[in-house]
Amino acid sequence: MPRRFRPLDRRVLWISAMAIVLGAVMAGVARALTALIGLITNLAFYGRWSDAFVSPAGHALGLWVILVPVVGGLIVGVMARWGSQAIRGHGIPEAMEQVLINESRIKPRLTWLKPVSSAVAIGTGGPFGAEGPIIATGGALGSLLGQFVQVTADERKTLLAAGAAAGMAAVFSAPVSAILLAIELLLFERRARSLIPVALAAFIGTGVRYVIEGSEPMFAMPALSAPGLSALVVYALLGLLTGVVSVGITRLTYAIEDGFEKLPIHWMWWPALGGLAVGVVGYIAPLTLGVGYSNIGAVLSGELGLSAMLALCCFKLLSWSIALGSGTSGGTLAPLFTIGGALGGVLGVGLLHVAPSLQIDPRMAALVCMAAIFAGASRAFLTSIVFAFETTLQTHALLPLLGACTAAYLVSGLMMRHTIMTEKIARRGVRVPSEYAADHLDRILVRDACSREVVSLRANDALATVRQWMEGGGAATRHQGFPVLDEQDRLVGVITRRDLFDHPVSETQVGSLIKRPPLVVDESHSLREAADHMVEADVGRLVVVDRSSAHRMTGIITRGDLLAAHARRLREAREVHRHFAGKAPIRR
């Protein structure tokens, strides 16, 4: 009989131990990546040797600033051409693709190519975030570890997700949202055997960050007051609008990417062209250069005026979408948060002046739109809500965040089939799971789906007699397999039609044709366990036996029964009924 499903076993301890080590390593890698970005930024824009994380906006290069991102794009193009094409893009879709089609196996050289190329792109003014590359790097390190030790493909996927979650947690000091991101975009499941190692890796990554950089929130902002009912409604409506914007941003980004695909030059040169656009926009609006975490903090704190936020929103979108479409290396989270936050700040200021009675706080509007734009673009719904809370620690923002992100998620799902994370790999023919539902077969027991009226044969039946009976036709003879019982009605095996007709006619008895012991399942097993047993044994039917007696047959379960079990699931999802029709009419 199949093994009983166990949610946890001792293997989880081994995987968790590796995840803990991975979390500590990724905290160091995250610190090293930010230091490398700071070093390149200081060298490229200020001509000094320092790894301090600074904004390029304060440079004094004048028009020469346009060339800095171009040089960075050239370097990234060369690294992609002669290193690995996988460094192109923002990292998360590439990691998703390896999880879905390549058993979570990522090439070892990506563990250093991706962070170095991203540091070059961001350090030379690229309008990206460090989180995408560090997530990709953590995933590559986890995959590499899973290729060096003996683990299953599922366990390697867990290590990949653990490395990615630890990297994000170490960058943003946001462990819970890092776990949720791993679940929603990498694991495509929520099981204890995968959740525990990922959570431990995020816990360790954040703990090490606390030691190195302190426990202050990433985007500290003044305390927000609890919104009233009218303000809550407005924030939800802002989420609806932001959801539409997120759909437009996704389509714009891939339209630009399609435009680059039509250029009559090799893709190696595209990042340099994207860098040219970054440089021109950066000359006009210096705040668009670089990661821009300080810009997000300034927007959320209400330090930027209306015109500054409007310019940041528009120019950051223009610069980032062109750069990302060119295939350079960099993340999407920080640019989306910048665009969404600035958009929310602009809308909040406008509503405060037009309708002060609504009591809209522009800082709250910026926060909810920041989260909503990521929820709409990526559909990482829970990640968006928790991330905005963890990086600001604004408890009164949780309810507005819930309303706005739900609205954005709804609009995105209705207007767009794929997301900014999945569009690229969907175009390559990779189907990405979008819903995580409980296994329907795991909820149904064998006793509720098996066939009770079983046609069986006797071990001492003559083969010639059985053949003659089957050639006579009839409903009972159409089965593909028949349980074989002995004189005491005990199960001794299963025989198929092929077994009966391939053997030469002689005085042979049916019992002598049995090739192996019967494959059985008891009534208390689930259909999932029965299906797995069929797959492992390469059979199309299992005999159902009494739990108290392994030789007493009570029924049979076939592949057809497994398919029929889905009928209820389809009926519940599709058929519309009214169970309460109202008060019955009185007959007179």
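The values are calculated or read from the model by the stated rules, or taken from the named source; none is laboratory data. Computed from a predicted structure; not experimentally measured. When we count neighbours, we look across all protein chains shown, and the Cβ atoms used for this are built from the backbone with ideal geometry, even at glycine. Quick note on the areas: whole protein, heavy atoms, side chains included, nothing else; ligands and nucleic acids left out. Shrake-Rupley method; radii C 1.70, N 1.55, O 1.52, S 1.80 Å.
State whether one or more residues within segment 267-285 are among the aromatic types (Phe, Trp, Tyr) and within 26 Å of Ala372 (Cα to Cα).
Taking segment 267-285 first, the residues among the aromatic types (Phe, Trp, Tyr) are 267, 269-270, 283.
If we keep only those that are within 26 Å of Ala372 (Cα to Cα) too, we end up with none.
No, the conditions are met nowhere in segment 267-285.
Among the residues of segment 468-485, how many are of a type outside the set (Phe, Trp, Tyr) and open to solvent by less than 30 Å² (accessible area, probe 1.4 Å)? Even if it seems obvious, please write down each step before you answer.
Here is the first cut: in segment 468-485, the ones of a type outside the set (Phe, Trp, Tyr) are 468, 470-481, 483-485.
With the extra rule that they be open to solvent by less than 30 Å² (accessible area, probe 1.4 Å), the set shrinks to 470, 477, 481, 483-485.
So the count comes out to 6.
Would you pick out the residues in segment 325-351 that are of a type in the set (A, V, I, L, M) and in contact with a Gly (Cβ under 7 Å, 6 or more places away or on another chain)? Break it down stepwise before answering.
Looking only at segment 325-351, we keep the residues that are of a type in the set (A, V, I, L, M), and these are 333-334, 336, 339, 342-343, 346-347, 349, 351.
Scanning segment 325-351 gives Leu333, Ala334.
Looking only at segment 270-294, which residues are crowded, with 24+ Cβ neighbours inside 10 Å, over 23 Å from Met221 (Cα atoms) and not hydrophobic (A, V, I, L, M, F, W, C)?
Pro271, Gly274, Gly275, Gly279, Gly282
How many residues are within 20 Å of Ala35 (Cβ to Cβ), of a type in the set (A, V, I, L, M) and open to solvent by 70 Å² or more (accessible area, probe 1.4 Å) if we restrict to segment 51-83? Outline the logic, then answer.
Filtering segment 51-83 for residues within 20 Å of Ala35 (Cβ to Cβ) gives 51-59, 68, 72, 75-76, 79.
Those left that are additionally of a type in the set (A, V, I, L, M): 52, 54, 57, 68, 75-76, 79.
Going one step further and asking which of them are open to solvent by 70 Å² or more (accessible area, probe 1.4 Å), we end up with 75.
Qualifying residue count, segment 51-83: 1.
Among the residues of segment 457-467, which ones are under 21 Å from Ile556 (Cβ atoms) and either open to solvent by less than 40 Å² (accessible area, probe 1.4 Å) or among the basic types (Lys, Arg) (or both)?
Once the filter is applied, which keeps residues that are under 21 Å from Ile556 (Cβ atoms) and either open to solvent by less than 40 Å² (accessible area, probe 1.4 Å) or among the basic types (Lys, Arg) (or both), segment 457-467 yields Leu457, Arg458, Ala459, Val466.
Based on this model, can you work out whether Leu13 counts as at negative phi, surrounded by fewer than 19 Cβ atoms within 10 Å (Cβ to Cβ) and without any contact (Cβ under 8 Å) to a residue 24 or more places away in the chain? Write out each step before concluding.
On the way: at negative phi: yes; surrounded by fewer than 19 Cβ atoms within 10 Å (Cβ to Cβ): yes; without any contact (Cβ under 8 Å) to a residue 24 or more places away in the chain: yes.
For Leu13, the condition - at negative phi, surrounded by fewer than 19 Cβ atoms within 10 Å (Cβ to Cβ) and without any contact (Cβ under 8 Å) to a residue 24 or more places away in the chain - is met.
Looking at this structure, is Leu324 crowded, with 24+ Cβ neighbours inside 10 Å, at pLDDT below 95 and within 29 Å of the chain's Cα centre (by Cα)? Step through it out loud before you land on a result.
On the way: crowded, with 24+ Cβ neighbours inside 10 Å: yes; at pLDDT below 95: yes; within 29 Å of the chain's Cα centre (by Cα): yes.
Yes; evaluated as a whole, the condition is true for this residue.
Just give me the residues in segment 423-456 being open to solvent by 40 Å² or more (accessible area, probe 1.4 Å), over 30 Å from Ser378 (Cβ atoms) and small (Gly, Ala, Ser), in sequence order.
Ser451, Ser456
For segment 150-269, which helices (runs of 4 or more DSSP H) that fit wholly inside it have 2 or more residues that are at negative phi and open to solvent by 40 Å² or more (accessible area, probe 1.4 Å)? Break it down stepwise before answering.
On the way: elements: 153-172, 175-182, 192-213, 229-261.
Once the helices (runs of 4 or more DSSP H) in segment 150-269 are filtered for at least 2 residues that are at negative phi and open to solvent by 40 Å² or more (accessible area, probe 1.4 Å), what remains is 192-213, 229-261.
With the condition kept exactly as written, say whether any residue in segment 98-112 is under 20 Å from the mean Cα position of the chain (by Cα), buried (at least 21 other Cβ atoms within 10 Å of the Cβ), under 28 Å from Leu312 (Cβ atoms) and not β-branched (Val, Ile, Thr).
no
Just wondering, is there one or more residues in segment 529-547 that are assigned to a loop (DSSP other than H, G, I, E, B), in contact (Cβ under 8 Å) with a residue 60 or more places away in the chain and surrounded by 17 or more Cβ atoms within 10 Å (Cβ to Cβ)? Quick ask: steps written out before the conclusion?
Taking segment 529-547 as the starting set, the residues that turn out to be assigned to a loop (DSSP other than H, G, I, E, B) are 538-540, 547.
Checking the rest, the ones that are also in contact (Cβ under 8 Å) with a residue 60 or more places away in the chain come to 540.
If we keep only those that are surrounded by 17 or more Cβ atoms within 10 Å (Cβ to Cβ) too, we end up with none.
No, segment 529-547 contains no residue that is assigned to a loop (DSSP other than H, G, I, E, B), in contact (Cβ under 8 Å) with a residue 60 or more places away in the chain and surrounded by 17 or more Cβ atoms within 10 Å (Cβ to Cβ).
Would you mind telling me which numbered condition in (1) in contact (Cβ under 8 Å) with a residue 12 or more places away in the chain; (2) among the polar types (S, T, N, Q); (3) more than 15 Å from Asp448 (Cβ to Cβ) Ser526 fails?
Of everything listed in (1) in contact (Cβ under 8 Å) with a residue 12 or more places away in the chain; (2) among the polar types (S, T, N, Q); (3) more than 15 Å from Asp448 (Cβ to Cβ), Ser526 misses just condition (3).
Filter segment 115-139 for residues that are modelled with pLDDT under 85 and open to solvent by 10 Å² or more (accessible area, probe 1.4 Å); which is nearest to Pro175 (Cα to Cα)?
Ala136
Restricting to segment 436-462, give me the number of residues that are modelled with pLDDT of 85 or more, more than 20 Å from Pro2 (Cα to Cα) and within 32 Å of the chain's Cα centre (by Cα).
Qualifying residue count for the region: 0.
Could you look through segment 548-559, keep only residues that are among the hydroxyl-bearing types (Ser, Thr, Tyr) and more than 42 Å from the chain's Cα centre (by Cα), and pick out the one that is least open to solvent (accessible area, probe 1.4 Å)? Write out each step before concluding.
Applying the first criterion (among the hydroxyl-bearing types (Ser, Thr, Tyr)) to segment 548-559 yields 548-549, 554, 558.
From the residues that got through so far, the ones that are more than 42 Å from the chain's Cα centre (by Cα) too are 548-549, 554.
Numbers: Ser548: 107, Ser549: 44, Thr554: 27 Å².
Among them, the one singled out is Thr554.
Say whether the condition of being within 18 Å of the chain's Cα centre (by Cα) and of a type in the set (D, E, K, R) is met by at least one residue in segment 416-423. Walk me through how you get there before you give the answer.
Within segment 416-423, the subset within 18 Å of the chain's Cα centre (by Cα) is 416-423.
Adding the requirement that they be of a type in the set (D, E, K, R) leaves 417, 423.
Scanning segment 416-423 turns up at least one residue that is within 18 Å of the chain's Cα centre (by Cα) and of a type in the set (D, E, K, R).
Filter segment 522-547 for residues that are under 35 Å from the mean Cα position of the chain (by Cα) and aliphatic (A, V, I, L, M) and give the result.
Leu527, Ala530, Ala531, Met534, Val535, Ala537, Val539
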